[in-house]
Structure formats: structure tokens, C-alpha cells
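Novice: Have a look at this one.
The values are calculated or read from the model by the stated rules, or taken from the named source; none is laboratory data. Worth saying up front: this structure is predicted, and the values here are computed from it rather than measured. Here the Cβ positions follow ideal geometry from the backbone for every residue, glycine too, while neighbour counts run over all protein chains shown.
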């Protein structure tokens, strides 16, 4: 497999007003805690790997345990749907919880609502799960090439789900068209002019995970945070939270993307005040990151607070899957899919391959580094996961 990596340093890091800080995270987490299925996902310390790669500590947030859905995405979809229902029904803050949102009285007041989205799998499964739990309906469109297992998982939640003949970004446009035609509610984690409130809610939902991370770290202060980007919603939300939480003492933040769908990297590299897109089939194994058009809200946060942007080949994702799935010594096994393992693969390659000495120095990685990665998904495509691990 071809190994390629491109690096861009962001020279315009500065402070700005944030909507994804501690206060918003506490609000989102309180909502998530109201669901019977809520549990904090583990932050796993990989001591043997840290020793082998000659750094101080490596932590991986394992989102394969999130609400039994094998991925983090449900945090955003559930919070956004909850906020939409709260606003529509004019509920107060004390009523913003699972018990109220599933009450027969509220159902009678609102009737049947349909939430629609486009997804490679994880986001749509989260939307379908939430609609199912809140006794509402969902419609989910998936891009061509989506795994049958991911489609089946969404259908199992009662959703009207199908795989389209379009790439991800065109599937989003199709979903938005049908939302407008049918009076459905679009729940998408990418934003554009005129469509920003729900994506912002989705991003705020993701900050539950960031809040859990800093609580699990306790007094340990990370020096480096590595985040994967598709449209940039997750990356923007977590970056915004860490920038708010640690202020001027925040970790070095690096964003990684597949080189076949590196719209965030291209936007950062151009640095011309415009959003840059990537078209075509977006042919990468990192299906959850195969997005060609940045979320404007996510990009604005990354522009202001991320330090580095990386565009890399699929090799890094496969390496990350091996690193986490076949661990050293007594390190815990972490089952991580192609998108989930992207950051860990990048970290492993940069720290273990002398050819990347200059990049390692540019990222300020050394024996004192305390590294955080997020495994955003488990084996959501089990057949492909087994194939890659058995290579």
C-alpha cells in the first residue's frame, strides 16, 4: 500500500468566541445521562505502546462502547433531535430529558415527526436510534459503496434507510431536498449558509465525549490531541472544548484526513478565506471520513484553534487498526474501525519511522509527550475489519 503524508502548519491560531466549551458540554452530558443506556466510555492507557514509541503516555478514548452503537456519532444526533423537540414543544430546561421526550403527552402534542439524514453509517445509525427511542420516524440515505452491514444496522432500528447512487455530499443534498419537499427535519452534521442551528447542536452533543476525557484524565494534562476529520464537526467540537477548557495551556492539536477526501486540509493550505471542496468518488477505506465539503462551523473553530493539518493515505488507518487491535504486551485490545484508528496509525508511523524525524519535531513530539487519540468507531464493518487485521 502506498504511504504518503502531507503536512500544513496553521500560523493563524488565536482566540475566538466558542460555543463548544465546558458550559455547553455539561448541558449536553446532562441530557445524555438521562437516557437509560448512558455510560461513560473508557479512556484506555496504552503503557507498552508509549514505552515502545518513546513517549510519556498514550491514551485512547474507546467509543465502540457508546450506547451500544459501536460509534460516537449518536451523541450529536441525539442531542440535536432532543433540542429540536424541546424548541418545538416549548419545553423548559427541567423537561429536557429522556423521560419527558418519551412521554405519551408529548407524543400526542407533537404527533409523528420524521428526521432525515445522509450518512456513511455511524451518524445515520445514531439518528435512527434516537428517533426509535423517542418514538419518532427516521429516513437515512447512504452514499454508494456503503457497507451492507451498516445499512442493516440502521434498518434494524426501524428507519427507512437505503444506499443511493451518490457520493456522500450529493447524498446530503438529496436528503435536504426531500426534507424541504416533505416537511421533514434535516439532521446533518455539516453546515452551510442558512443551515447552522442543527449542525451546531450536533457538535455540542459531541462535547459530552470531550468532557468525559478531561474528567478521566484527572490531574494529567495532555500535551497532544490528535483528531480525525470528515466534514470537521467532531474535530471542531472537541478542538473548541479543549481550547476553552485549557485556555492558553491547551495541547498541540493536529487534524488528520484521508488524502482522497482532504477538504479540511485543502482549505487550511489555501488559507484564502474560502472553503475548498473535494469531488469524485472519495475513494478511501476511511468511510466515516470520506467527505468532500467542510462543515463551515467546524472549519471556523479549526481555523482559529488547530495547530496542524495532515492529509494521509489509507496505510495509516490500517496501521492504526493493527496497533490497537493487536496490542503490545499487556496493553488492552481496542477494536477500532478504519476511521476510528486513523489518528493512532498516524501517531504510530510518525513516532516509529525515522524518515519522519522532521515531522515529529514539527509536531513537538518527544519523550515527555502525553498523547490523546479518539477511536471514534469499532468494527462497524466486521468483514473489512477482519480482512485488514488478518493482512
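Novice: Go through the range 181-199 and give me each residue that's assigned to a helix (DSSP H, G or I) and closer than 19 Å to residue 128 by Cα. Walk me through it before giving the result.
Specialist: Applying the first criterion (assigned to a helix (DSSP H, G or I)) to the range 181-199 yields 181-182, 197-199.
Residues satisfying the conditions are 182, 198, 199.
Novice: Do we have any residue at all in the range 68-90 that's touching a strand residue (DSSP E or B) at 6+ places or on another chain (Cβ under 6 Å), surrounded by fewer than 20 Cβ atoms within 10 Å (Cβ to Cβ) and free of Cβ contacts under 8 Å to residues at least 40 places away in the same chain?
Specialist: Looking through the range 68-90, none of the residues is touching a strand residue (DSSP E or B) at 6+ places or on another chain (Cβ under 6 Å), surrounded by fewer than 20 Cβ atoms within 10 Å (Cβ to Cβ) and free of Cβ contacts under 8 Å to residues at least 40 places away in the same chain.
Novice: While we're looking at this one, here's another question. Tell me the residue from 142, 113 that is surrounded by fewer than 24 Cβ atoms within 10 Å (Cβ to Cβ) and either closer than 30 Å to residue 169 by Cα or modelled with pLDDT under 95 (or both), please.
Specialist: Working: 142 fails: surrounded by fewer than 24 Cβ atoms within 10 Å (Cβ to Cβ).
Exactly one of 142, 113 is surrounded by fewer than 24 Cβ atoms within 10 Å (Cβ to Cβ) and either closer than 30 Å to residue 169 by Cα or modelled with pLDDT under 95 (or both), namely 113.
Novice: Next question, about the same structure. Could you please let me know if residue 130 is touching a helix residue (DSSP H, G or I) at 6+ places or on another chain (Cβ under 7 Å), surrounded by 24 or more Cβ atoms within 10 Å (Cβ to Cβ) and outside the structural domain of residue 99 (by TED's automatic domain parsing)?
Specialist: no
Novice: Residues in the range 323-341: is at least one over 30 Å from residue 22 (Cβ atoms), under 15 Å from the mean Cα position of the chain (by Cα), crowded, with 24+ Cβ neighbours inside 10 Å and in the same structural domain as residue 384 (by TED's automatic domain parsing)? Steps first, answer last, please.
Specialist: Kept after step one, since they are over 30 Å from residue 22 (Cβ atoms), are these residues of the range 323-341: 323, 325-331, 333, 335, 338.
Imposing the further condition that a residue be under 15 Å from the mean Cα position of the chain (by Cα) reduces the set to 338.
Those still in the list that are crowded, with 24+ Cβ neighbours inside 10 Å too: 338.
From what's left, in the same structural domain as residue 384 (by TED's automatic domain parsing): 338.
There is at least one residue in the range 323-341 that is over 30 Å from residue 22 (Cβ atoms), under 15 Å from the mean Cα position of the chain (by Cα), crowded, with 24+ Cβ neighbours inside 10 Å and in the same structural domain as residue 384 (by TED's automatic domain parsing).
Novice: Moving on. For the range 240-247, check the following and say yes or no: at least one residue is closer than 24 Å to residue 59 by Cβ, in the same structural domain as residue 373 (by TED's automatic domain parsing) and not in a helix (DSSP H, G or I).
Specialist: no
Novice: Since residue 274 meets every condition but one in (1) surrounded by fewer than 22 Cβ atoms within 10 Å (Cβ to Cβ); (2) in contact with a helix residue (DSSP H, G or I) (Cβ under 9 Å, 6 or more places away or on another chain); (3) part of a loop (DSSP other than H, G, I, E, B); (4) touching a residue at least 12 places away in the same chain (Cβ under 8 Å), which condition does it not meet?
Specialist: Result: residue 274 passes all but (4).
Novice: With 60, 55 as the choices, which residue is surrounded by fewer than 22 Cβ atoms within 10 Å (Cβ to Cβ), modelled with pLDDT of 95 or more, under 30 Å from residue 353 (Cα atoms) and under 26 Å from the mean Cα position of the chain (by Cα)?
Specialist: Working: 60 fails: surrounded by fewer than 22 Cβ atoms within 10 Å (Cβ to Cβ).
The unique qualifying residue is 55.
Novice: Taking helices (runs of 4 or more DSSP H) that do not extend beyond the range 282-391, which have at least 2 residues that are in contact (Cβ under 8 Å) with a residue 40 or more places away in the chain and more than 18 Å from residue 46 (Cα to Cα)? Walk me through it before giving the result.
Specialist: Values: elements: 296-305, 315-325, 342-352, 357-362, 382-389.
Where helices (runs of 4 or more DSSP H) fall fully within the range 282-391 and carry at least 2 residues being in contact (Cβ under 8 Å) with a residue 40 or more places away in the chain and more than 18 Å from residue 46 (Cα to Cα), they are 296-305, 315-325, 357-362, 382-389.
Novice: How many residues does the range 243-256 hold that are touching a helix residue (DSSP H, G or I) at 6+ places or on another chain (Cβ under 7 Å) and touching a residue at least 60 places away in the same chain (Cβ under 8 Å)?
Specialist: Narrowing the range 243-256 to residues touching a helix residue (DSSP H, G or I) at 6+ places or on another chain (Cβ under 7 Å): 243-245, 250-251, 253, 255-256.
Okay, now just the ones that are also touching a residue at least 60 places away in the same chain (Cβ under 8 Å), so 243-245, 251, 256.
Number of matching residues: 5.
Novice: Just to be sure I understand the filter: pairs with C-beta atoms under 7 Å, separated by 6 or more residues or on different chains, first member in the range 37-52 and assigned by TED's automatic domain parsing to the domain that holds residue 323 and modelled with pLDDT of 95 or more, second member in a loop (DSSP other than H, G, I, E, B) and crowded, with 18+ Cβ neighbours inside 10 Å. Which pairs pass?
Specialist: Sorted first by the residue in the range 37-52, then by its partner, the pairs are 44/334; 46/331; 47/331; 48/331; 49/331.
Novice: Can I ask one more? Residue 361 fails exactly one of the following numbered conditions: (1) in contact with a strand residue (DSSP E or B) (Cβ under 7 Å, 6 or more places away or on another chain); (2) farther than 24 Å from residue 48 by Cβ; (3) surrounded by fewer than 21 Cβ atoms within 10 Å (Cβ to Cβ). What is the number of that condition?
Specialist: (1)
Novice: Of all the residues that make up the range 96-110, how many are loosely packed, with under 14 Cβ neighbours inside 10 Å, touching a helix residue (DSSP H, G or I) at 6+ places or on another chain (Cβ under 9 Å) and touching a residue at least 60 places away in the same chain (Cβ under 8 Å)?
Specialist: Selection size over the range 96-110: 0.
Yes/no per residue for (1) surrounded by fewer than 20 Cβ atoms within 10 Å (Cβ to Cβ); (2) more than 19 Å from residue 191 (Cβ to Cβ); (3) at pLDDT 95 or above:
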position: 240; (1), (2), (3): no, no, yes
position: 260; (1), (2), (3): yes, yes, yes
position: 268; (1), (2), (3): no, no, yes
position: 287; (1), (2), (3): no, yes, no
